[in-house]
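A.B. asks: First the structure, which I've put down as structure tokens, then a few questions once you've had a look.
A short reminder: the numbers here are calculations on the coordinates, not readings from a lab. Predicted model only: the values in this text are computed from it and were never measured. We place every Cβ from the backbone using ideal geometry, glycine too, and count neighbours over all the protein chains shown.
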Amino acid sequence: MPPIVPRPLTPEAYAPYGRVIQASPRGEPGVLVNLGTALRFDDVVDVVNTRGASAKLAVKVFRSRPVPREKRAIRVLEKHPCSTQLFIPMNASRYVALVALGEDRPDPSTLAAFVAEGAQGISYAPGVWHHPMLTLDVETDFAVFVHEDGSDEDCVVVELEGIWPELDLASLPPKR
């Protein structure tokens, strides 16, 4: 099985897995606000919570250490079946979002990897399988938003069995 090579993160390519969060995601000019000191871009992401009031919005910060640019085994994926999960980088250079679709288990044929630039955040749609964050270049803090109620439905983790492709981070050039 050939390795998964990360490709640039674009709203179109990432659409089956969630949304790219960035200014002007659809090329719109934005709305002038705050006495002319800022542009506002509306509806950049859908935030879904299928459990209603039982799940509260949790806001966390994850500090992610950079991983080596090498080929690596994909050993675990997780999903949040009832909530969107948003990752907003606070100081990123680049990071990799590794995602897959599937119901009870991830479907290897839907596995994809995307390289996000520092100004791009991402959302994982409810039920989208994803790898823990893979930061490149520098230690990065992410503001993370997810609805949780303390149940097993908050986060489902699976260890991968069988034949899965490797993730080829060695193919990524150094940051210029």
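A.B. asks: Per DSSP helix of 4 or more residues, -39500 (n - 2.57); summed, then divided by the residues of the chain. What does that give at 222 nm, rounded to the nearest 500? Walk me through the numbers before you get to the answer.
C.D. replies: Details: 1 runs with 4 residues, N = 176.
Helix-only estimate at 222 nm: -500 deg cm²/dmol.
A.B. asks: Continuing with this model, one more query. Nearest 5 percent is fine: what portion of the DSSP beta bridges confined to the chain is antiparallel?
C.D. replies: Antiparallel bridges: around 90 percent, rounded to the nearest 5.
A.B. asks: Relative contact order (percent) for the chain, with alpha-carbon contacts under 8 angstrom and 6 or more residues of separation? Could you put the intermediate results ahead of the total?
C.D. replies: Values: 401 pairs, mean separation 63.2, N = 176.
Dividing the mean separation by the residue count of the chain yields 36 percent.
A.B. asks: Another question, then. So, counting K/R as plus one and D/E as minus one, what does the shell of residues with Cβ under 12 Å around Pro174 add up to?
C.D. replies: Charge balance in the 12 Å sphere: +3.
A.B. asks: So who's got an amide H within less than 5 Å of the one on Val76, skipping anything under 5 residues away but keeping other chains? H placed 1.01 Å off N, in plane.
C.D. replies: Amide H neighbours of Val76, under 5 Å, 5+ apart: Leu160.
A.B. asks: Further question: How much length is gained on full extension from Asn34 to Ala58, taking 0.36 nm per residue of separation minus their Cα-Cα distance? Could the numbers behind the result be given before it?
C.D. replies: Working: separation 24, 0.36 × 24 = 8.64 nm, distance 2.78 nm.
Length gained, Asn34 through Ala58: 5.9 nm.
A.B. asks: Return, for the Cα atoms of the chain, the radius of gyration and Dmax in Å, separated by a comma.
C.D. replies: 16.6, 58
A.B. asks: Just grab the label-to-label distance for Glu70 and Ile163, each label 7 Å out from Cα along the Cβ direction, in nm (one decimal).
C.D. replies: The two pseudo-label positions are separated by 2.4 nm.
A.B. asks: How about Lys60: which aspartates and glutamates have a C-alpha closer than 16 Å to its C-alpha, ignoring those fewer than 8 places off in the same chain?
C.D. replies: Reachable aspartates and glutamates: Asp141, Glu148, Asp149, Asp154.
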